[in-house]
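Q: Got a structure for you, questions after.
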Amino acid sequence: MAASEEASRPFAGLSEVSISEDIPVEGDISVPMSSSRRDDEFSTLDEPVKETILRDLRAVGNKFIHVLYPKRSSALLRDWDLWGPLLLCVTLALLLQGGAADSDDQGGPQFAEVFVIIWFGSIVITLNSKLLGGTISFFQSLCVLGYCIMPLTAAMVVCRIVLVGGSGTVSFAVRLMVVTASFGWSTFASTAFLADSQPPNRKALVVYPVFLFYFVIGWMILTFSPSQ
Amino acid sequence: MASPNDLQFQEFEEAAELLSADPGASTLSMSASNTSSTTAPVGGGGGGEEVKLDMSEDEEGQEESSELLGGQKAAGGFWTFEYYQSFFNVDTVQVLDRVKGSVMPLPGKNFIKHHLRSNPDLYGPFWICVTLVFSVAISGNLSTFLSHMGNPAYHYRPQFHRVTIAAIVIFLYAWLVPIGLWGFLTWRQGTERQVGGYSFLETVCVYGYSLFIYIPTSVLWIIPVEWLRWTLIMVAMVISGSVLVLTFWPVVRDDTRVMAVATVATIVVLHTLLAVGCKMYFFQTAEHLPTTPVTTAAPAHVTLVTKPH
């Protein structure tokens, strides 16, 4: 009884409220129209194609810059994409063509071999890191490993330019230095991104395959010899 | 009345004090992963927050219990990820210790019993095989280049197809031979698997780690001195072969004399074939190399000479 009285007390005054009839009560009951504006921001169907492409290109370029100046950031990991790795892989495989006696089997790697080594190698390294207990996701790891091929692709471009000038000992020394520096840069960049996601007592077990991967790519670049 | 209770209470206190004083002490528990982590040797690598004690006096007891649990390690079915994750349950120090054990075989120490301790891994065999493939192919290419250094007609070729061939040969050896050996040993033992038999993974593990010595050997083969190469082959085969023989002899010696010797001899012969075959194919000296540019030039010369008849 007392409880029901207490419960009704907040609404007790309502029965005394009355609205006099000469004050019109009017208003609008409608959903605010700003929701359609919000829809426009999320829907990208209406934007020009140039903007769509530029947005992806800007994202790819942003990641390239992150590889150029590697520091422990999560930018590469958060928005992963595989456009950059594909671009780099195809560029590198194309540049490795035109080597000595490409058609017979004594020459350098074929296009398919470079492709398989890069992609299959990345997949195997990612599986290895996940099996060892890493917390990075599959595609994030592929993204990082692919983007960190960029210094080696740059080294390949430099090597081809140097080889135009001749293929003697001096050019070999220059190419060796360039490839070694870019191999070190690639390994350092990828470990800067991947290191935090590994359990601490297995870090070396995860870093070694990455080292081997970039070493093999570096050897393919260094041993590229143009056809005479 | 009070005294028996006091005595009992003190016993518990002592045990509790012991445990609190030494929280890392190896307590025998029935899960295989615990066993392996508490018997890992003290190492300086990795995180290092946990002190892992090497309880060598307890080795026999723990080995017996872990042997019984040998077949029950895998978690989940073979289609789950966790099943394969259980094969990669190693730390950096453990892998380094196993590699050291494969390079320095001591007569008393069985690789599987001493180093694997019922925690065989697939990390070592797989990455040692991959490294060996590339080291053999790269070193072979370099040695070919060095042996042709003085020849002005020689044009350097990367010979990338050798990587493919090396990969096929080495992976077939490292995976098919253990399958065959394990099948044969299991068949010979019949149903007494628990008594000294090795699981399939342990066999693969031993073969994988025994190939490690060939990696520095293949790098040293670049030196173009023939007797040095043969000496290196001998040393590597002795070390690697003795790891295998020391591992498999205790299992095989219970069999008839003939079968035991035949099994061990087959192991050694296959290992020898791999080493010698790799050397002969990848590290050919200059006179054995196919000289295709010279031979294609010769017929052209002949036709030019015979034409003006």
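Q: Note down the nm distance, to one decimal, between modelled labels 7 Å out along Cα→Cβ at B:Phe184 and at A:Ala195.
A: If labels sit at B:Phe184 and A:Ala195, their model points lie 4.8 nm apart.
Q: Sticking with this one: Under a crude label model (7 Å from the Cα following the beta-carbon direction), how far is B:Ile168 from A:Glu21 in nanometres?
A: 10.3 nm
Q: Just tell me how shielded B:252-259 is by partners: mean number of partner chain Cβ atoms within 10 Å of each residue's Cβ, no decimals.
A: 0
Q: Something else now. With the cut-off at 30 Å, tell me which of the pairs A:Lys130/B:Lys109; A:Lys203/B:Lys279; A:Lys130/B:Lys279; A:Lys50/A:Lys130; A:Lys63/A:Lys203; A:Lys63/A:Lys130 have Cα atoms farther apart than that.
A: A:Lys130/B:Lys109; A:Lys203/B:Lys279; A:Lys130/B:Lys279; A:Lys50/A:Lys130
Q: While we're looking at this one, here's another question. Students often check this: by mean Cβ neighbours within 10 Å, which of A:181-191, A:60-70 ranks highest, and how do the rest follow?
A: A:181-191, A:60-70
Q: While we're here: Taking beta carbons within 10 Å but only from partner chains, what does the mean come to for residues A:215-226?
A: 3
Q: Let me ask something additional. Please state the charge dipole magnitude for the stretch B:131-261, taken about the Cα centre, from unit charges on C-beta atoms (+1 on K and R, -1 on D and E), reported in debye and rounded to the nearest 20.
A: Result for the stretch B:131-261 is approximately 200 debye, rounded to the nearest 20.
Q: Based on the Cβ-Cβ distance from A:Leu94 to B:Met149, what FRET efficiency comes out when R0 is 35 Å, to the nearest 0.05?
A: 0.65
Q: Charges only on Cβ, +1 for Lys and Arg, -1 for Asp and Glu: so what's the dipole of the stretch A:88-228 about the Cα centre, in debye to the nearest 20? Mind dumping the intermediate values first?
A: Details: 5 positive and 5 negative charges, 87 e Å.
Dipole of the stretch A:88-228, to the nearest 20 debye: 420 debye.
Q: Could you list A:Asp22, A:Asp81 so that the one with the fewest beta carbons within 10 Å of its beta carbon is first and the one with the most is last?
A: Listing A:Asp22, A:Asp81 from fewest to most nearby Cβ atoms yields A:Asp22, A:Asp81.
Q: Can you tell me which of B:223-232, B:263-272 comes out highest on packing, and rank the rest after it, using the mean Cβ neighbours within 10 Å?
A: By packing density, highest mean first, the sequence is B:263-272, B:223-232.
Q: Which whole number gives the average count of other chain Cβ atoms within 10 Å of the Cβ atoms across peptide A:196-205?
A: Per residue, the average neighbour count from other chains is 6.
Q: Then there is this: Please report the spacing between the Cα centers of the stretch B:98-164 and the stretch B:182-251 in Å, no decimals.
A: Here the two parts' Cα centres lie 13 Å apart.
A short reminder: the numbers here are calculations on the coordinates, not readings from a lab. Values in this document were obtained by computation on a predicted structure and should not be read as measured data. For neighbour counting, all protein chains shown are included, and Cβ atoms are generated from backbone atoms with ideal geometry for every residue, glycine included.
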